[in-house]
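The values are calculated or read from the model by the stated rules, or taken from the named source; none is laboratory data. Since we're looking at a predicted model, the values are computed, not measured. Glycine also receives a Cβ, built like all others from the backbone with ideal geometry; neighbour counts cover every protein chain displayed. Protein only, heavy atoms only, side chains kept; ligands, DNA and RNA dropped before computing areas. Shrake-Rupley method; radii C 1.70, N 1.55, O 1.52, S 1.80 Å.
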Amino acid sequence: MSNPWRGDVSLTINGAPHVMRLTLGALASLEAELDEPSLVALVERFESTQFSTRDVLALIAAGLAGGGSTLTPADLAAAEIEGGPMAAARAGAELLARAFVLPGS
């Protein structure tokens, strides 16, 4: 079960719910994966709405890793995400928002 106070976001992948969270380690790996020099640059990349599908996959993969999932980025690329690409993009946006804002703020 996801806990929004911890920054958790749920996403159903291959018919199973997964809890995602952007831990500090997950954010650092996402910066490296997307070749961004800072956390601010990473957030600006997604706020600009100029992000790619690859960016969304990297964000979801980082969130899954932060949430303790054993799904690999290759597993995720071949997975069935409930709600399709739009649900994945919304979950990614929610991940970023919850990483920096408390619920109800």
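Numbers at a glance
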| read-out | value |
| --- | --- |
| Surface accessible to a 1.4 Å probe, per residue, for the residues of the chain, Å² | 57 |
| Fully extended contour minus Cα-Cα distance, from Phe100 to Thr53, at 0.36 nm per residue | 14.7 nm |
| Per-selection metrics, the range 1-99 (Cα): Rg and Dmax in Å | 12.2, 35 |
| Mean separation of Cα contacts under 8 Å, 6 or more apart, over the residue count of the chain: relative contact order % | 40 |
| Nearest-0.05 FRET efficiency for Ala78 and Val43, computed from C-beta distance (R0 22 Å) | 0.20 |
| Accessible surface of the range 5-64, 1.4 Å probe, proportion on carbon and sulfur as whole % | 56 |
| Under Karplus coefficients 6.51, -1.76 and 1.60, residue-wise ³J(HN,Hα) of the range 30-42 in Hz, glycine/proline x | 5, 4, 5, 4, 9, 6, 9, x, 7, 5, 4, 4, 4 |
| Dipole of the chain, positive direction: furthest Cα of Thr72, Gly15, Thr53, with charges on the beta-carbon | Gly15 |
| Charge dipole (debye, nearest 20) of the chain; +1 at Cβ of Lys and Arg, -1 at Cβ of Asp and Glu | 260 |
| Cα gyration tensor category, rounded, prolate or oblate, for the range 27-67 with a/c compared to 1.5 | oblate |
| Interchain or long-range residues, amide H under 5 Å from Thr12's placed H | His18, Glu82 |
